[in-house]
Amino acid sequence: MKGIQPVFVHGWGFGPDFWAPVISALGWTDACVLDLGFLGAGNASPLQAAQQLQALQAEGRPVLGVGHSLGFLWLAQHMAFASRDKLVGINAFAVFAARAGFASGVPVRVMQRMCKGLSTAPEKVLTDFRTLCGAQVAAEPPQTQNLCTGLEMLMSADARPVLAGRARQCVVLAARQDPVVSPAMTEESFVGGPPVQWMDGGHLLPHTHVKACVALLEGVRKMMEQNAG
């Protein structure tokens, strides 16, 4: 049996370095950290990240997907979800934008306004969002096209059908004082799905509550290794 393959995906407005505190504390040298291309001057993009994930899954190892915020939604839509795979969401949601039957979501006009703002003042849009999250100003420049692609996913994507019946393969850690993902939104988006583990905190649990995130991930990986054996 090949070993577990951890795959980490950051949320909107952040980059792969978002996971540095958690991965450092875990000491997982086999972790793959995908880049959705929201920041920096490189060629990373959501499409390239999807291709990289597909290549990893083709190797046949059980995948432990770990997504923060939008990163969870992205993984839920792109993982092949073999029976041995697990998906962990931190500050996560299965659907983000408000729609019929999901009143607790964020109004679509908010994302539309942000996408419009990216065309004229991308640094301001990015900084405003990161400030809301409690994060510092980004050290790298925003990549407008990829950020708009991320907003479009937030507006349209709904992973609830994909996650239906997969509650045993998913784990969710949420914060009661999250200014981006409200408790009501979390609970409603995961109705009938995996149980949500709650703790006090904001939208950046992988930075503010590293030990709790590490303990959760170590437990999930240990369970996967036991099942694989």
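The values are calculated or read from the model by the stated rules, or taken from the named source; none is laboratory data. Small disclaimer: the values here were computed from a predicted structure and weren't measured. All Cβ positions, glycine included, derive from the backbone under ideal geometry; neighbour counts span all protein chains shown. Side chains included, ligands, DNA and RNA excluded: accessible areas come from the protein's heavy atoms. Shrake-Rupley method; radii C 1.70, N 1.55, O 1.52, S 1.80 Å.
Structure remark: mean-square fluctuation, Gaussian network model of the chain, C-alpha springs under 10 Å; the largest value among 158, 178, 30 belongs to 30. When only alpha carbons are used to place a centre, region 98-146 and region 48-71 end up 25 Å from one another. Note on residue 112 and residue 208: the extension gain reaches 31.6 nm, defined as 0.36 nm multiplied by sequence separation minus the Cα-Cα distance.
Taking Cα atoms only, the orientation of helix 210-228 departs from the longest principal axis of the chain by about 40 degrees. Of the candidates 96, 38, 18, which one comes out as most mobile in a Gaussian network treatment of the chain with C-alpha springs shorter than 10 Å? Looking only at 96, 38, 18, the largest GNM fluctuation is found for 18.
Note that the chain presents 45 Å² accessible area per residue, ligands and nucleic acids not counted, probe 1.4 Å. Counting charges near residue 28 (Lys, Arg +1; Asp, Glu -1) among other residues having Cβ under 12 Å from its Cβ returns a value of -1.
Rounded, prolate or oblate: which one fits region 98-170, using the alpha carbon gyration tensor with axes a ≥ b ≥ c (rounded when a/c is under 1.5, else prolate when a/b beats b/c, else oblate)?
Prolate, because a/c is 1.5 or more and a/b exceeds b/c.
If you roll a 1.4 Å probe over the chain with all protein chains in place, what percent of the accessible area is carbon or sulfur? Whole-percent figure for carbon plus sulfur exposure: 53.
Keeping to pairs on different chains or 8 or more places apart, tell me how many lysine pairs in the chain have Cα atoms under 21 Å apart. It would help to have the intermediate numbers written out before the result.
Working: 2/86; 2/222; 86/211; 86/222; 116/124; 211/222.
Taking the chain as the scope, the lysine pair count is 6.
Phi angles of region 130-144 translate, via the Karplus equation with coefficients 6.51, -1.76, 1.60 and θ = phi - 60°, into HN-Hα couplings of 5, 5, 4, 6, x, 9, 6, 4, 5, 7, 10, x, x, 9, 4 Hz per residue; Gly and Pro are given as x.
Could you please report the charge total around residue 128, scoring K, R as +1 and D, E as -1 over all other residues with beta-carbon less than 14 angstrom from its beta-carbon? Around residue 128, the surrounding residues sum to +3. Checking (1) 145; (2) 203; (3) 110 against volume of the Cα convex hull per residue in Å³ calculated from these atoms, the matching label is (3). Computed from Cα atoms, the angle from the helix 46-58 axis to the main principal axis of the chain rounds to 0 degrees. Packing, taken as the mean count of other beta carbons within 10 Å per residue, orders the peptides 79-90, 184-195, 134-145 from highest to lowest as 79-90, 184-195, 134-145. Karplus-derived 3J(HN,Hα) values for region 100-110, using 6.51 cos²θ - 1.76 cosθ + 1.60 with θ = phi - 60°, are 4, x, 9, 5, 7, x, 7, x, 4, 4, 5 Hz; glycine and proline are entered as x. For an R0 of 25 angstrom, estimate the FRET efficiency from the Cβ-Cβ distance between residue 17 and residue 119 and round to the nearest 0.05. For residue 17 and residue 119, the calculated efficiency is 0.45.
Between residue 176 and residue 30, the C-beta separation translates, for a Förster distance of 35 Å, into a calculated FRET efficiency of about 0.60.
In a shell of Cβ-Cβ distance under 14 Å around residue 43, excluding residue 43 itself, what net charge do Lys and Arg (+1) and Asp and Glu (-1) give? Mind showing how you got there, number by number?
Details: positive: none; negative: 35, 140.
It works out to a net charge of -2.
Here region 1-121 yields Rg over Rh of 1.00, to two decimals, using C-alpha coordinates and the Kirkwood radius. Stretching residue 156 away from residue 223 to a fully extended chain increases their span by 20.8 nm, per 0.36 nm per residue minus the current alpha-carbon distance.
Rounded, prolate or oblate: which fits region 174-219, taking a ≥ b ≥ c as square roots of the Cα gyration tensor eigenvalues, rounded meaning a/c under 1.5, else prolate when a/b beats b/c? Because a/c hits 1.5 or more and a/b fails to exceed b/c, region 174-219 counts as oblate. Short-range pairs are left out: with C-alpha atoms under 8 Å and at least six residues apart, the relative contact order of region 101-229 is 23 percent.
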